[in-house]
Amino acid sequence: MVSSVMSSARTIPKSDFISFVRKYLVVEGLPCSRHCEKPTHFAALMEDRNKLVGAYVCPDSYVVRIVYFELTNHDMDWFKSFVRSELEGGSFVRDRDFRIATRHGWELGGNAENEIAAFTNPSSGIKEYYWTFYAKTNEEKKLGNFLCERCGKLFTHPLTLKSKICERH
Ligand SMILES: [Zn+2]
Ligand SMILES: [Zn+2]
């Protein structure tokens, strides 16, 4: 028993929920907005059996959007504080820029509707929370959020700077 716990700590098997989210709800290749038009990819920021938080990031590390999926708790407040702490207090992380959508199996094609039934009530669907930075002031319009290539943390700096490495290094 002890040994199985220890070995599973390194290679946690993906739950049906996380597999489903990655298969149907995570999208690759959408164009970057506000920064460039290059295709974005999904980078996980936090993952466990019932929770996935990640960022859509362009090849120059600009963060277009942060998304959060959770099977049970549906905790928007947790997500808000997560984003704020990732952005070191995030003075321009505003409540109104957080949104929520419900994704249903029937809109996702393939076998999504059957697969969703393995872990939740299909009629309630899966909640997708997301946060997008909308610049308000002229000062904010010059700034963007990036994902550090070296430490995997988010940081904010001027859009014109080309560095993909945060100031912690
Ligand atoms: Zn970009
Ligand atoms: Zn860093």
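For the stretch 48-79, a residue qualifies if it is buried (at least 17 other Cβ atoms within 10 Å of the Cβ) and without any contact (Cβ under 8 Å) to a residue 40 or more places away in the chain, and the qualifying residues are Lys51, Leu52, Val53, Gly54, Tyr56, Cys58.
Taken over the stretch 121-169, residues that are polar (S, T, N, Q), under 24 Å from Trp78 (Cα atoms) and surrounded by fewer than 17 Cβ atoms within 10 Å (Cβ to Cβ) amount to 3. Residues that are without any contact (Cβ under 8 Å) to a residue 40 or more places away in the chain and among the β-branched types (Val, Ile, Thr) were ranked within the stretch 134-169; the one that is farthest from ligand 1 (Cβ to nearest atom) is Thr137.
Considering (1) part of a loop (DSSP other than H, G, I, E, B); (2) of a type in the set (S, T, N, Q); (3) within 16 Å of ligand 1 (Cβ to nearest atom); (4) closer than 21 Å to Val53 by Cβ, the lone condition that Thr72 does not fulfil carries the number (3). Are any of the residues in the stretch 81-101 without any contact (Cβ under 8 Å) to a residue 24 or more places away in the chain and closer than 23 Å to Val21 by Cα? Scanning the stretch 81-101, I find at least one residue that is without any contact (Cβ under 8 Å) to a residue 24 or more places away in the chain and closer than 23 Å to Val21 by Cα, so the answer is yes.
With respect to Ile116, determine if the residue is more than 19 Å from Glu86 (Cβ to Cβ), surrounded by 14 or more Cβ atoms within 10 Å (Cβ to Cβ) and out of contact with any Gly (no Cβ under 7 Å at 6 or more places or on another chain). Considered against the rule, which asks whether it is more than 19 Å from Glu86 (Cβ to Cβ), surrounded by 14 or more Cβ atoms within 10 Å (Cβ to Cβ) and out of contact with any Gly (no Cβ under 7 Å at 6 or more places or on another chain), Ile116 comes out as no. For Thr120, the criteria (1) in contact with a Leu (Cβ under 8 Å, 6 or more places away or on another chain); (2) without any contact (Cβ under 8 Å) to a residue 12 or more places away in the chain hold in every case but one, which is (2).
Quick note: the coordinates plus some simple rules give every number you see, no bench work behind them. These numbers come from a predicted model, not from an experiment. Note that we place each Cβ from the backbone using ideal geometry, even for glycine, and neighbour counts take in every protein chain shown.
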